[in-house]
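Engineer: Please see the structure below; I have some questions.
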Amino acid sequence: MALLEVRDVIVRFGGVTAVAGVSFEVEERQICGLIGPNGAGKTTLFNVISGIYRPTSGEVRFAGQGTTGQPRHRMAPLGLGRTFQNLALFRSMTVRENVLAGAHAQGSAGFLANALRLPAARREEAAAEDHARSLLALLDLEAVAEVPVAALPFGTQKRVEMARALIGKPKLLLLDEPAGGLNHGEVDGLATLRRDIRRNFDLA
């Protein structure tokens, strides 16, 4: 059974068809590229898969269950992580704080335990801090961990967003235009980073 199944997905905005009957599958641990010119509907399709848009017709299944029309906040706990073509970071927060923001989807202690700082909540927080430190090291972000994101170059911000997606321990990581806006050296570094992620994480 495929990890992700997209079946005959159509997305229309008024009279404009943004996605016209797309079908494909992604297996566990598979690297899959979605290629097309600007305006071809790649980001729209990512938005359907991640629950931001509901398709006009068609079906999306992830990890064996139908997710078509699921609210977006339910997708990360299911194991789907993503980055965005237009960066969606908290610009006034530090790199470390941005990465930790991605860990909340995995928390199970609950609101009350967190509000009262109960042991279960403190254990989850400590585990998230440890995971964040390992991701900052892997993505070469340790030196800027306490720097506000707004002060960083675009290529570094891309790595911050990737770290935030990875801290949620996804089974599938969607990278929307990961090389967009990067120079040649940064693109080469991205290729190496993708191999490192594949080696260190069990994800597609």
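The values are calculated or read from the model by the stated rules, or taken from the named source; none is laboratory data. Computed from a predicted model, the values in this text were never measured in an experiment. Cβ atoms come from the backbone with ideal geometry, glycine included; neighbour counts cover every protein chain shown.
Engineer: Is it true that residue 204 is farther than 24 Å from residue 97 by Cα and surrounded by 15 or more Cβ atoms within 10 Å (Cβ to Cβ)?
Structural biologist: In short, yes.
Engineer: State all residues of the stretch 138-172 that are of a type in the set (Asp, Glu) and either outside any loop (DSSP other than H, G, I, E, B) or over 26 Å from residue 80 (Cβ atoms) (or both); if no residue qualifies, say none.
Structural biologist: Here is the first cut: in the stretch 138-172, the ones of a type in the set (Asp, Glu) are 140, 142, 146, 161.
If the condition is that a residue be of a type in the set (Asp, Glu) and either outside any loop (DSSP other than H, G, I, E, B) or over 26 Å from residue 80 (Cβ atoms) (or both), then 142, 146, 161 are the ones that fit.
Engineer: What do you reckon, is residue 60 touching a Ser or Thr at 6+ places or on another chain (Cβ under 9 Å) and of a type in the set (A, V, I, L, M)?
Structural biologist: Values: touching a Ser or Thr at 6+ places or on another chain (Cβ under 9 Å): yes; of a type in the set (A, V, I, L, M): yes.
In short, yes.
Engineer: Can you confirm whether residue 159 is modelled with pLDDT under 90 and among the basic types (Lys, Arg)? It would help to see each step written out before you state the result.
Structural biologist: On the way: modelled with pLDDT under 90: no; among the basic types (Lys, Arg): yes.
For residue 159, the condition - modelled with pLDDT under 90 and among the basic types (Lys, Arg) - is not met.
Engineer: Got a sec? Which of 46, 24 is touching a strand residue (DSSP E or B) at 6+ places or on another chain (Cβ under 7 Å), surrounded by fewer than 19 Cβ atoms within 10 Å (Cβ to Cβ), closer than 24 Å to residue 195 by Cβ and not charged (D, E, K, R)?
Structural biologist: Numbers: 46 fails: surrounded by fewer than 19 Cβ atoms within 10 Å (Cβ to Cβ).
Answer to the check: 24.
Engineer: Looking at (1) crowded, with 20+ Cβ neighbours inside 10 Å; (2) touching a strand residue (DSSP E or B) at 6+ places or on another chain (Cβ under 6 Å); (3) hydrophobic (A, V, I, L, M, F, W, C), which is the one condition that is false for residue 76?
Structural biologist: Among (1) crowded, with 20+ Cβ neighbours inside 10 Å; (2) touching a strand residue (DSSP E or B) at 6+ places or on another chain (Cβ under 6 Å); (3) hydrophobic (A, V, I, L, M, F, W, C), the lone unmet condition for residue 76 is (2).
Engineer: Further question: Out of everything in the stretch 49-58 that is in a loop (DSSP other than H, G, I, E, B) and in contact with a strand residue (DSSP E or B) (Cβ under 9 Å, 6 or more places away or on another chain), what residue ends up being surrounded by the most Cβ atoms within 10 Å (Cβ to Cβ)? Break it down stepwise before answering.
Structural biologist: Quick first cut of the stretch 49-58, residues in a loop (DSSP other than H, G, I, E, B) only: 50-56.
Narrowing the set further to residues that are in contact with a strand residue (DSSP E or B) (Cβ under 9 Å, 6 or more places away or on another chain) leaves 50-51, 53-56.
Values: 50: 22, 51: 21, 53: 20, 54: 13, 55: 24, 56: 14.
Among residues in the stretch 49-58 that are in a loop (DSSP other than H, G, I, E, B) and in contact with a strand residue (DSSP E or B) (Cβ under 9 Å, 6 or more places away or on another chain), the one surrounded by the most Cβ atoms within 10 Å (Cβ to Cβ) is 55.
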